[in-house]
Each structure stands twice: as structure tokens, then as C-alpha cells.
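Engineer: So that we are looking at the same thing, I have put the structure below in C-alpha cells.
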Amino acid sequence: MSVQPQPNKKYPDHYRNAHRIAFAPLTFQAARVARDRGLLGALERAGDAGLVPDEAAAAAGISLYAARVLLEACYSLDLCLLGEGRYSLSRSGFLLLHDETVRVNMDFTQDVCYQGAFDLEASLDEARPAGLKAFGVWPTIYEGLTKLPEKALRSWLAFDHFYSSGAFPGALAVVFQTPVRRLLDVGGNTGKWSLLCAAHDPGVQVTILDHPAQLELAKSAAEAAGLAGRVEYLPMDLLDHGRLFPAGFDAVWMSQFLDCFGEADIAQLLRRGRQALGPGGRLYILETYWDRQATPAARDALIGTSLYFSCMANGTSRMYHSDDLRALVAAEGMTVVQDVQLGYHTLWTCRPR
């Protein structure tokens, strides 16, 4: 009888990591169900004393069978501890319950990405978001955003706002260091930045460029905030590079916008943004670069987001290394004159050479 090699004896951590990857879609779902059905919460309430499976089942209102398979899966994921037959919540389990970043990322993965991720290979082969068919037939997710199922749209917006809004207060201070009379918000999405600018400075007039579906969300937000008269809307297919942006702006703003496109399109968008500047105007780029994150966890979250772009958003974009985007800025005749780190984000002030 042949004896199979035992690589786990020589490389225990690496072997375990490889097996975790092999079962990752299943264990992700187990962790999510344990969170959403109250199993992890029951362990937290029990404290160090922990719970045996039948106690956990009763506390969470699930069957004993469900409790057992979920507890064992969570144990394998280090979300809970096991001692003398009793399960208790680990530090990782606590983060899954209470850390806002983890919750936003997990909900986004489940509600927006999970079904479409099956088609990642086709997306990469065909340079299109093949997984988007899980929700509808659109060239990109942006055209169909308002038609997403309610839960998916809610998780998409929560993810989008979480990774942008935190940097906005610091960005306002940078942008309004010098007077801004006209500001062009390219890819303004739900209008959050534009409305902050309008509220911050009563003298600024803001124009939002985006797909019509996106602008409907921005209009609703502006009306709710009582700022409808301060914001103009220009529907545009941003990939129609033959169509110039309006011109004469003191500031052109691109917030987590360029990462939604491949490099050839980014070059064209930067060129059109530069042409939209008036004399002395500045182009601002707010992005989350994976090489400029303070922790490996933040870096990994951004790299994971690239896979969403591949299979669900558009099939061509990714979260960029800062060197890649800086090279594109330079190639389009601009210089980064100010480089400010705002948490996860980097804000560049660019001026034409």
C-alpha cells in the first residue's frame, strides 16, 4: 500500500491556509449565517462560560444539527474557541459581530458579489462583468444600480459611502484652501460630495456628471437636503470619450471614480478633466491605493474589491497601485502638487504642466 505524503507536517500553517481557500465559499456562508441567525451573539452573551451545542441551538432558535455544523465551521475559522465541549466567542468572532468595516465588507460580498463571483473566470477572459447577469443585463453595474434588489442596493450604497465619506471632511479643507466658484463632480454617484460642498460654501455652484440612473439618486438627495438649486446635473455616458466635459471650472473632482475604469479609459477621463479646468484650476483625485494602506487587512480588502470590479462592475477596472495612477496623471500633462493621506484615502491635487 502506498503512503501519501503529509505536507501538513512540514508546512502546517501553509497547508491549513490552502485548505481554507479550498472551502472558502462554504465557510464564508457558515460565518455569515452564524452571524445573522444569532449564533455568534449567543456565544457572546454566554461569555467565558460558553455554550454546549444544544444550549447554543436554543439560544439562537435553530436546530441542534444547524448549531453543530455552524459551531464547528466557526471553530475552524477561529471565530470561536472550544474547551471541554463548550464553545465561546473568540476575538475574531467579536470583530465579525461588531467591527463596522468587517460588517460592510461582508454584507457587500454576500448581497452584491457572491452569486456573480461564480463567473469570475469568464469575466477575466472576456473583459466584461459576466457575473452581473445575476441581477440583470446591463453593460456595467452603474446603468442598473437603481434596479438592483433592495438588499443589494442597500449594501452597495453602504459599501460605497463607507469607503468615501470618512475622507470627505479632510478633503473639504484641502479643496477649499483657495476659493472655488465652480466645481465639477465627475462621477458624482449619489451626490454626497457635491452636497457637502454646497453646504460648506454657499458661494460654490456644483455640477455633477454621471449616468442618468446615478443622477436620479443625487437629485433625490439634493431635494431632501434643501440644496436642489445649488446643484446642476449633466447626464453623460462617461465612456463616450468624444464628448467633452463642460469647461471653465476652478475644481474638477474625481472621488473613487478612476478605479472604476481600465487604464486606457482613465487616460481619456484625465484628459477631459484637465480640459475642463479654467485658468488656475485644479483637478483633485481621491483614491484608495492598495500600496498605501496602514495594515495588511486594509490592503487585502482593496485587493478583494478589484475582484468585484472584475465580475460585477465592469470587467476592466481594479484598485490601483499609486505608481500606476501617478504615471497616468503625468502622461496626461499634469503634476501632483499636493499629496495628502486621509486614512484609507490619498488625495492628490493636480495642476496642468
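Just so you know, all these numbers are worked out from the coordinates, no wet-lab data involved. It should be emphasised that the depicted structure is a prediction, and the values quoted were computed from it without experimental measurement. Cβ coordinates were reconstructed from backbone atoms using ideal geometry, including for glycine residues, and neighbour counts include every protein chain displayed.
Engineer: Contact order normalised by length for region 100-157, with contacts defined as Cα pairs under 8 Å and 6 or more residues apart; what percent is it?
Structural biologist: 36 percent
Engineer: Further question: Relative to the present Cα-Cα distance, how much length would full extension add between residue 244 and residue 138 at 0.36 nm per residue of separation?
Structural biologist: On the way: separation 106, 0.36 × 106 = 38.16 nm, distance 2.41 nm.
Answer, rounded to one decimal: 35.7 nm.
Engineer: Next question. Sort 66-74, 201-209 by the packing proxy (mean of other Cβ within 10 Å over each peptide's residues), most packed first.
Structural biologist: 66-74, 201-209
Engineer: Tell me the chymotrypsin sites (Phe, Trp or Tyr not before Pro) within region 247-277 that lie in a loop according to DSSP and have at most 14 other beta-carbon atoms within 10 Å.
Structural biologist: Of the chymotrypsin sites (Phe, Trp or Tyr not before Pro), not one in the loops of region 247-277 has a Cβ with at most 14 other Cβ atoms within 10 Å.
Engineer: Give, in nm to one decimal, the length gained when the segment between residue 84 and residue 63 is fully stretched (0.36 nm per residue of separation minus the Cα-Cα distance).
Structural biologist: Gain on stretching residue 84 to residue 63: 5.4 nm.
Engineer: On a full-extension model of 0.36 nm per residue, what is the gain between residue 275 and residue 99, subtracting their alpha-carbon distance, rounded to one decimal in nm? Present the calculation step by step, with values, prior to reporting the outcome.
Structural biologist: Numbers: separation 176, 0.36 × 176 = 63.36 nm, distance 4.24 nm.
Gain on stretching residue 275 to residue 99: 59.1 nm.
Engineer: Can I ask one more? Against the globular-protein guess of 2.2 N^0.38 Å, express the Cα radius of gyration of region 147-239 as a ratio, rounded to two decimals. Spell out each step's value before the answer.
Structural biologist: Details: Rg = 13.3 Å, N = 93, 2.2 N^0.38 = 12.3 Å.
Dividing the Cα Rg of region 147-239 by 2.2 N^0.38 Å gives 1.08.
Engineer: Specify which labelled value, from [x] 67, 53, 33; [y] 68, 45, 38; [z] 76, 52, 38, agrees with Cα extents along the principal axes in Å derived from the coordinates of the model shown.
Structural biologist: Computed from these coordinates, Cα extents along the principal axes in Å corresponds to label [z].
Engineer: Let me ask something else about it. Does region 1-133 come out rounded, prolate or oblate, given a ≥ b ≥ c as the square roots of the eigenvalues of its C-alpha gyration tensor, rounded meaning a/c under 1.5 and, failing that, prolate meaning a/b above b/c?
Structural biologist: Oblate, since a/c reaches 1.5 and b/c is not below a/b.
Engineer: Here is a further query. In a GNM of the chain with a 10 Å cut-off on Cα contacts, which of 321, 14, 200 has the highest mean-square fluctuation?
Structural biologist: Sorting by GNM fluctuation, first place goes to 14.
Engineer: By per-residue mean of other Cβ atoms within 10 Å, what is the highest-first order of 326-337, 27-38, 232-243?
Structural biologist: Result, highest mean Cβ count within 10 Å first: 27-38, 326-337, 232-243.
Engineer: Further, regarding this structure: If you take the beta carbon distance between residue 323 and residue 351 as r and set R0 to 30 Å, what does 1/(1 + (r/R0)^6) give as a FRET efficiency, to the nearest 0.05?
Structural biologist: So, using R0 = 30 Å, E works out to roughly 0.95.
Engineer: Could you work out how far apart the two model spin labels at residue 173 and residue 92 are, taking each label as a point 7 Å from the Cα in the direction of the beta carbon, and quote it in nm?
Structural biologist: Modelled inter-label distance: 3.7 nm.
Engineer: A further question follows. I want to verify a result. In a Gaussian network model of the chain, Cα cutoff 10 Å, which of these has the top mean-square fluctuation: 107, 160, 48?
Structural biologist: Of 107, 160, 48, the Gaussian network model singles out 48 as fluctuating most.
Engineer: Lysines within cross-link reach of residue 192: Cα-Cα under 17 Å, excluding same-chain residues under 8 positions apart?
Structural biologist: 219
Engineer: For the Cα atoms of the chain, what angle does the longest principal axis make with the long axis of helix 150-165, in degrees from 0 to 90, nearest 10?
Structural biologist: Once rounded, one gets 60 degrees.
Engineer: Assuming a ≥ b ≥ c are the square roots of the Cα gyration tensor eigenvalues, decide whether region 162-211 counts as rounded (a/c under 1.5), prolate (otherwise, with a/b larger than b/c) or oblate.
Structural biologist: Since a/c reaches 1.5 but b/c is at least a/b, the shape of region 162-211 is classed as oblate.
Engineer: Right, something else. Along the Cα-to-Cβ line of residue 232, 7 Å from the Cα, sits a label point; which residues in region 197-219 have backbone N less than 14 Å from it?
Structural biologist: Within reach of a label on residue 232: 204-210.
Engineer: Something else about it: So how many Å³ per residue does the convex hull of the Cα atoms of region 100-157 work out to?
Structural biologist: Cα convex hull per residue, to the nearest whole number: 81 Å³.
Engineer: On a C-alpha basis, how far is the centre of region 277-313 from the centre of region 111-134 in Å? Whole number, if you could?
Structural biologist: For region 277-313 versus region 111-134, the Cα centre distance is 20 Å.
Engineer: Now a separate question. Per-residue ellipticity at 222 nm for the chain, helices alone: DSSP H runs ≥ 4 residues times -39500 (n - 2.57), over residue total, nearest 500 deg cm²/dmol?
Structural biologist: Value at 222 nm, helices only: -14000 deg cm²/dmol.
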